[in-house]
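Read the structure below first, then the notes.
The values are calculated or read from the model by the stated rules, or taken from the named source; none is laboratory data. Keep in mind it's a predicted model, so treat the numbers as computed, not measured. Cβ sites come from the backbone with ideal geometry, for glycine too, and all protein chains shown count toward neighbours. When the accessible area is computed, the model is the full protein with side chains, heavy atoms only, and any ligands, DNA or RNA have been set aside. Shrake-Rupley method; radii C 1.70, N 1.55, O 1.52, S 1.80 Å.
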Amino acid sequence: MSFFKLSSTVTRVGALSAALLAPAIAFAQDAAPAAAAAAAAAPVPDKGDTAFMFISTILVLFMLVPGLALFYGGLVRSKNMLSVLMQCTMIGAVVMLLWVIYGYSFAFGGGTSPYWGGTAKMFLAGVSTSTTAATFSKGVVIPEFIFMLFQMTFAAITPALIIGAFAERIKFGAAILFCALWATFVYFPIAHMVWDSNGMLFKMGALDFAGGTVVHINAGIAGIVGAILVGKRVGFGKDMMAPHSMTLTMVGASMLWVGWFGFNAGSNLEASGGAMLATVNTFVATAAAIISWSLVETFTRGKASMLGGASGMVAGLVAITPAAGIAGPMGAIVMGLIVSPLCYFFVSVVKNKFGYDDTADVFGVHCVGGIFGAIATGIFASASLGGVGYADGVTMGSQVVVQLTAVVTTILWCGIGSAILYKIVDVVMGLRVPAEAEREGLDLASHGEAAYHNS
């Protein structure tokens, strides 16, 4: 073939190829801006926010084991120390598995029901390394895995809080079964109602930054119902039942305070100024509550106790939880100063008057402090008092009414649901250990080992 014929053939092939490829090229040129726009529209998690949420999640785990376990363990008698450690550990483990199997879906599954999130994300269906969860800032997201895990630690510690109310006399299996059922039918729905965008209380505008209703009122109500239904400890009011180790209680309370920064600051979901506001409030409200409880004890008893200091520490943390990223620092201090006298009154006066046996004062501190904190959040959210301000058209009075509605809803849902679940567990296996086992101590009777050995 001559050079000219070859050139002519190549030219015809080139022209034909160009004609065939022209539509594809045009499509690619049109599609490129659309693809670029779509990529630009999809927010990408910031590594700093992701790292912040990872640390916050680990801090909340630290609150449960060993923090809460040691706090409650020090408050019981030495023969029951190990039983409390084991209950906290096992409850956390069980609820973690329930959370990834169906709890996350029930709370945050994307369903439109005001009461539960549906089944779409059971077994973490659709949750992957590429899926994200929204934060409070438009266009800012975090990996869905870390959001799921952060919420899992809340779900794990909340039922563990309950056991302090009936420690030293409940069966190990009964405690675990009750907490599994309670997480399913009480905690997961309340978490959805308060924190999911489709939840009933969320849509009403209820303010609960980190769990005043979901965690503390919820656990406190379940605790008092359990203390009444399980019954008083053998020898209650007659035998010496003082905490066996205030040292360990102090260690546990201190761990709770440290971990609570993950609890409160992490609830901001971003490493931003809002998280730092929650951090400041977690410092100052707690400090004010410690001082306030110690002053009340000094005036009423003549001496400030370490038990009171630890109780004030937890009361302050409980009170500021719903308002951590909402109130201003001065408002947080006022909340801390007020909550301790309220809790002290319930722990020292109301408890004695009605005679219920709430071993670790779960109701007196968590429920009472949580109710106060939830209502006070509606007040101290006001910009005029240093808070972040209300939504458009919302006044202090209307916000307080919404907060009261959230409190009453939580009390009723949890109170009725918990009573039913305790009865179910009692029928299935019985709630209480035999009197002989209680006198021996649950460490040996339930677990066959002791927390301490005399050499």
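Summary of computed values
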{"item": "Contour excess over end-to-end distance, with Cα ends at S254 and T131 and 0.36 nm allotted per residue", "result": "40.7 nm"}
{"item": "Gain upon complete extension [A93, T112; 0.36 nm per residue less C-alpha separation]", "result": "3.9 nm"}
{"item": "For the chain, calculated [θ]222 nm from helices alone, where every DSSP H run of n ≥ 4 adds -39500 (n - 2.57)", "result": "-20500 deg cm²/dmol"}
{"item": "Convex hull projection area averaged over all views, region 253-323, Cα basis, nm²", "result": "4.3 nm²"}
{"item": "Solvent-accessible surface (1.4 angstrom probe) belonging to I291, in square angstrom, nearest 10", "result": "100 Å²"}
{"item": "Virtual spin-label span in nm between L444 and V408, 7 Å along Cα→Cβ", "result": "5.2 nm"}
{"item": "Longest DSSP-loop-exposure-free segment, trypsin sites (Lys or Arg not before Pro), the chain, at most 12 other Cβ within 10 Å", "result": "304-455"}
{"item": "Two-site label geometry, I58 and A120: point separation in nm, points 7 Å out along Cα→Cβ", "result": "3.3 nm"}
{"item": "Accessible area (Å², 1.4 Å probe, nearest 10) - W413", "result": "90 Å²"}
{"item": "Among A374, S446, M90 - extreme Cα towards positive end, dipole of the chain, charges at beta-carbon", "result": "S446"}
{"item": "Prolate/oblate/rounded call for region 34-121, Cα gyration tensor, a/c under 1.5 rounded", "result": "oblate"}
{"item": "Virtual spin-label span in nm between D426 and A51, 7 Å along Cα→Cβ", "result": "5.3 nm"}
{"item": "The chain: Lys pairs at Cα distance under 16 angstrom, eight or more positions apart or on different chains", "result": "7"}
{"item": "GluC sites (Glu not before Pro) within region 347-455: DSSP coil, no more than 12 neighbouring Cβ in 10 Å", "result": "E449"}
{"item": "Among 213-223, 157-167, 316-326, 183-193, the order from most to least packed when residues are scored by Cβ within 10 Å on average", "result": "316-326, 213-223, 157-167, 183-193"}
{"item": "Only Lys, Arg (+1) and Asp, Glu (-1) charged, at Cβ; the chain dipole about Cα centre in debye", "result": "180 debye"}
{"item": "Answer label for volume of the Cα convex hull per residue in Å³ (calculated), chosen among (i) 208; (ii) 162; (iii) 185", "result": "(i)"}
{"item": "Mean separation of Cα contacts under 8 Å (6+ apart) over length of region 288-430, as relative contact order %", "result": "23 percent"}
{"item": "Probe 1.4 Å, protein heavy atoms only - accessible area per residue of region 267-308 in square angstrom", "result": "46 Å²"}
{"item": "H447, H366, reordered so the largest accessible area comes first (probe 1.4 Å)", "result": "H447, H366"}
{"item": "Tensor-based shape of region 305-413 (alpha-carbon gyration tensor, a/c under 1.5 rounded, otherwise prolate or oblate)", "result": "oblate"}
{"item": "Rounded percent of accessible protein surface that carbon and sulfur make up, region 163-287, 1.4 Å probe", "result": "71 percent"}
{"item": "Span-like helix ranges in the chain, DSSP H, alpha carbon extent 27 angstrom or more, Kyte mean at least 0.0", "result": "3-41, 144-162, 246-265, 273-301, 396-428"}
{"item": "Computed FRET value (nearest 0.05) for T300 with A391, which takes r as the C-beta separation and R₀ as 30 Å", "result": "0.15"}
{"item": "Sites N454 and M276, calculated FRET efficiency, Cβ-Cβ separation with R0 41 Å, nearest 0.05", "result": "0.25"}
